[in-house]
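Colleague: Right, I'll just put the structure down here and ask away after.
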Amino acid sequence: MSMTAVKSVDPRSPARRAGVRVGDTLTHINGHPIVDVLDYKFYGYDPRLELTLRAPDGSVRTLRVRKGEGEDLGLEFETYLMDRARSCANNCIFCFVDQMPPGMRPSLYFKDDDARLSFLMGNYLTLTNLSPREVQRIIDLRVSPINVSVHTTDRELRCEMLKNRRAGEGIDIMERLATHHITMNCQIVSCPGINDGPALDRTLHDLAAMFPAVNSVSVVPVGVTKYREGLYPLQTYTRETAAALVDQVEAFAARHLEEKGTRLVWCSDEFYLLARRELPPEEYFEDFTQLDNGVGMLTLLTKEFGRALDLMERSELEGAAPFSIATGVSAAPFLAKLVRQAREKCGTIEGRVYPIANRFFGETITVAGLVTGGDLIEQLRGKELGQRLLIPASMLRSGENVFLDDVTTDDAERELGVPVIPVPQDGYELLDAICGIELTPEAQRLALENEEFYRYNP
């Protein structure tokens, strides 16, 4: 069956009123062929549409639709993309998927590198598997912004890092997109001794030359798990090397701020934690464009939590039942600080923060989003957890109560004897969870949508 075949029709939608039926295949909108979700969303935006549909028996008919501008037609297809996801053509020396243990669910081993997911879900792509026709379509449809995994602008080095002879062409594509004013948010996975130092200086200079099309750049440290047998020998950042990189990036950012009015490039929070540096203040991160790469996330969380505390009456805090919070090793001190702030406002607050060491992937992995249910249960069993256990929603598969190792929150509740409550990356939501204020179903839905915008989980 075609992936543009209609799987369901919203009963209150413009498509249902026009007579679209389940099983119909959408072939054209206003005469434009519909290949995938980008075509569907772009050509389906206007208030007056002519849909060409092919029925299961092969007959073709045309329907006219009247709707609000930008209103969705109300169709669901066999897949979200209305096509198969484009897999990665690279063999990057730092690829996290290659460092996964065996025996996990198949979707975790799929390497996507799809421009459509970049635009729709915020995924990062390398540009190595785009044909000239697909590049032109990005320009024609004004697919913007897109998120680009750059890593280096040195074409030879990029080929080496991505293990793809076409990897250098990605920089040429970026330059072409920039000339057509396609906005790009860029990521650099920094590997010690490979693409940092002088190579990083060159990359930042080249990306700055594409400003303002290059809208933001994040620099994040390479993640190294214990499952690297037979893979490229990578080192991790030390306190000293992380501090040197932070100094290098901040110096470049300061010059760009003076010249262009924006820093353009930021280090992820993890670099500051590795360097044991204070996180920059809220204003340093400008519009928080790179939150999905962990840039300014802890600063924003701290500020939101403080504002929420200011708005909450002491009496609302006094009834809070004892609780615990489990998170990754790197974020634990910050969450402990927030709990202390809540206790300073209300002395009856009883909460503990437990850092969960990542024994599944290796203890060099310290972020909350890669904590497994097995590690959580093993390290919290027998501990004083209060009446509820709060965890970051990023520990779970998007929209589901399932950890990376397929352990569920129900499993954790059964083993630990307390309710497990996922909390979005939001200071206001965190304080509500501490106070025992449950989100409404609508608020939960909106929180999940926000999480998915910033972090697409396969």
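The values are calculated or read from the model by the stated rules, or taken from the named source; none is laboratory data. A quick note: this is a predicted structure, and the numbers were derived from the prediction, not measured. Cβ atoms come from the backbone with ideal geometry, glycine included; neighbour counts cover every protein chain shown.
Colleague: Based on what the data block shows, is Thr262 out of contact with any helix residue (DSSP H, G or I) (no Cβ under 9 Å at 6 or more places or on another chain), surrounded by 16 or more Cβ atoms within 10 Å (Cβ to Cβ) and not in a helix (DSSP H, G or I)?
Modeller: Answer is no for this residue.
Colleague: Look at the range 299-319 and say how many of its residues are touching a residue at least 40 places away in the same chain (Cβ under 8 Å) and either more than 15 Å from Ile437 (Cβ to Cβ) or assigned to a helix (DSSP H, G or I) (or both). So that I can check it myself, show each step before the final result.
Modeller: Step one: filter the range 299-319 for residues touching a residue at least 40 places away in the same chain (Cβ under 8 Å), giving 300-309, 312, 316-317, 319.
In the following step, the residues that additionally are either more than 15 Å from Ile437 (Cβ to Cβ) or assigned to a helix (DSSP H, G or I) (or both) were identified as 300-309, 316-317.
The qualifying residues number 12.
Colleague: Give the range 322-360 a look and list any residue that's assigned to a loop (DSSP other than H, G, I, E, B), surrounded by fewer than 17 Cβ atoms within 10 Å (Cβ to Cβ) and at pLDDT 90 or above, or say none.
Modeller: Pro322, Glu350, Ala357, Arg359
Colleague: Then there is this: Scan the range 271-310 for residues that are more than 23 Å from Ala208 (Cβ to Cβ) and not polar (S, T, N, Q) and report the count.
Modeller: Here is the first cut: in the range 271-310, the residues more than 23 Å from Ala208 (Cβ to Cβ) are 273-279, 281-282, 297-310.
Those left that are additionally not polar (S, T, N, Q): 273-279, 281-282, 297-298, 300-301, 303-310.
Within the range 271-310, residues that are more than 23 Å from Ala208 (Cβ to Cβ) and not polar (S, T, N, Q) number 21.
Colleague: Restricting the search to the range 1-25, which residues are among the hydrophobic types (A, V, I, L, M, F, W, C), surrounded by 14 or more Cβ atoms within 10 Å (Cβ to Cβ) and out of contact with any Gly (no Cβ under 9 Å at 6 or more places or on another chain)?
Modeller: Hits for the range 1-25 are Met3, Ala18.
Colleague: Out of the residues in the range 272-291 that are more than 18 Å from the chain's Cα centre (by Cα) and in a helix (DSSP H, G or I), state the one that is nearest to Arg307 (Cα to Cα). If you could, list the steps in order and put the result at the bottom.
Modeller: Going residue by residue through the range 272-291, those that are more than 18 Å from the chain's Cα centre (by Cα) are 272-284, 286.
Filter once more, keeping what is in a helix (DSSP H, G or I): 272-275, 282-284.
Values: Tyr272: 24, Leu273: 24, Leu274: 27, Ala275: 28, Glu282: 13, Glu283: 15, Tyr284: 18 Å.
If we take residues in the range 272-291 being more than 18 Å from the chain's Cα centre (by Cα) and in a helix (DSSP H, G or I), then Glu282 is nearest to Arg307 (Cα to Cα).
Colleague: Name the helices (runs of 4 or more DSSP H) wholly inside the range 361-458 in which the number of residues that are among the aliphatic types (A, V, I, L, M) and modelled with pLDDT under 95 is 1 or more. Steps first, please.
Modeller: Working: elements: 373-380, 409-416, 427-435, 441-454.
In the range 361-458, the matching helices (runs of 4 or more DSSP H) lie at 427-435, 441-454.
Colleague: Got a sec? Which of Asn147, Asn123, Asn164, Asn185 is within 30 Å of Ile365 (Cα to Cα) and at pLDDT below 90?
Modeller: Of the residues listed, the single one that is within 30 Å of Ile365 (Cα to Cα) and at pLDDT below 90 is Asn123.
Colleague: Can you pull out the residues in the range 395-405 that are acidic (Asp, Glu) and out of contact with any helix residue (DSSP H, G or I) (no Cβ under 8 Å at 6 or more places or on another chain)?
Modeller: Within the range 395-405, just Glu400 meets the criteria.
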